[in-house]
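The values are calculated or read from the model by the stated rules, or taken from the named source; none is laboratory data. If you're wondering where the values come from, they're calculated on a predicted model, not measured in any experiment. Here the Cβ is made from the backbone with ideal geometry for all residues, glycine too, and neighbour counts use every protein chain on show. Each accessible area value is taken on the protein alone, full model and side chains, heavy atoms only, with ligands, DNA and RNA left out. Shrake-Rupley method; radii C 1.70, N 1.55, O 1.52, S 1.80 Å.
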Amino acid sequence: MTEPLLAHATERGRMYSRSVTSDPLVPSITTVISQAQSSSLDGWFGYMAASALAQDPRLASSLGNPSEMRAVIKDASKAAERYRDDAARRGTRVHYYCEQVALRDLGRSHRLDEARTDLAQHGEDAFAARFDEWWDLYQVKPIAPEITVWNSELGYAGTLDLVATIAGRLCVVDFKTRATDRDGMVKPLDEKVVMQLVAGMKAQESLVDPHAGTWEPWKYGEDPVLLGVAIGQTEVRAHRANPDVLKEHWFKFCALRRAWEAGSNAAGAGRPLLTVPPPPRAAVGVAATNRLESSTGSGSAGRPPEEGNRDYAPQGGVPGHSMEG
């Protein structure tokens, strides 16, 4: 993922503004989709921490040294965050390279050589090599790389990786940098990419000038092919969003947008839980007296319970019957 000029990190998630001088107004497509995160990652975080601890070369020498062991454990506990952050930075570098390839083919100013060198310096040159092979094999004709779009009706915005034609068909493309599995195959895409693509297709405007805050009607939403492209070090694999399921995934996205708004409103409404102190002692005494008077006076006119309640039975008896039978 790149860093679009109008995107902002906020307490409500990633949000977009209409220009570089205006405040963020709507959530990003990815922020909306993140509301669907339901499965816990506790197991993965624990595995990453345990794996990092087991592989730490300081582990043996730290045994019996509490201060050194605490340092080793602290580093291991952050293994998942380091992996996530490294993957995000790698994704940014790969996306930037893909954008430069499109700019080159459009005859626009680009920094393709610098992007390729940056990948090579991080040991990621294979991502670029596989992408180049895919680009040539599919004969991609770029139209608009990294294009920011807006939907005012539902209230969201996002930046699409690429609009292009492939084999004469208009395509909206989302690139995903993926790791390689044990068989040397690129790992599959998360199916939430369908929501991301259909939300892009449903845009109403696209950005013309971020500084002036000018937009134009979205020109590429009429029945495009929606492609999720997994970019790995061993291969690049393209997947088409199934046209028969787009309506349901759009409805799901709309529901998640409402969930984001409800959650945002709840977070800003004030403290959700308030401490309740115990009642004053005097009030406790009065309440206890009232309960006692009620239990001894109600329905019996001051008589003993056995005289005012036919269902009362002395110890050992049966309700409603005398001891004498």
Can you pull out every residue in segment 233-280 that is of a type in the set (S, T, N, Q), loosely packed, with under 11 Cβ neighbours inside 10 Å and assigned to a helix (DSSP H, G or I)?
N265
Would you point out the residue of segment 205-232, among those that are assigned to a strand (DSSP E or B) and of a type in the set (G, A, S), that is nearest to R18 (Cα to Cα)?
S206
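Do we have any residue at all in segment 107-123 that's open to solvent by 50 Å² or more (accessible area, probe 1.4 Å) and either in contact with a Pro (Cβ under 8 Å, 6 or more places away or on another chain) or of a type in the set (V, I, T) (or both)?
yes
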Could you grab the pairs with beta carbons closer than 7 Å, sequence gap of 6+ or different chains, first residue in segment 216-227 and farther than 15 Å from V149 by Cα, second one part of a loop (DSSP other than H, G, I, E, B)?
L226/A241
Where a residue in segment 1-24 is without any contact (Cβ under 8 Å) to a residue 40 or more places away in the chain and assigned to a loop (DSSP other than H, G, I, E, B) and its partner, wherever it lies, is among the acidic types (D, E) and open to solvent by 20 Å² or more (accessible area, probe 1.4 Å), with Cβ under 9 Å and at least six apart:
S17/D23
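So which residues in segment 161-199 are touching a His at 6+ places or on another chain (Cβ under 7 Å) and part of a helix (DSSP H, G or I), if there are any at all?
If the condition is that a residue be touching a His at 6+ places or on another chain (Cβ under 7 Å) and part of a helix (DSSP H, G or I), then V194, M195, V198 are the ones that fit.
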Which of the residues spanning segment 153-165 are touching a residue at least 60 places away in the same chain (Cβ under 8 Å) and either open to solvent by less than 20 Å² (accessible area, probe 1.4 Å) or among the hydroxyl-bearing types (S, T, Y) (or both)?
G155, Y156, A157, G158, T159, D161, L162, V163, A164
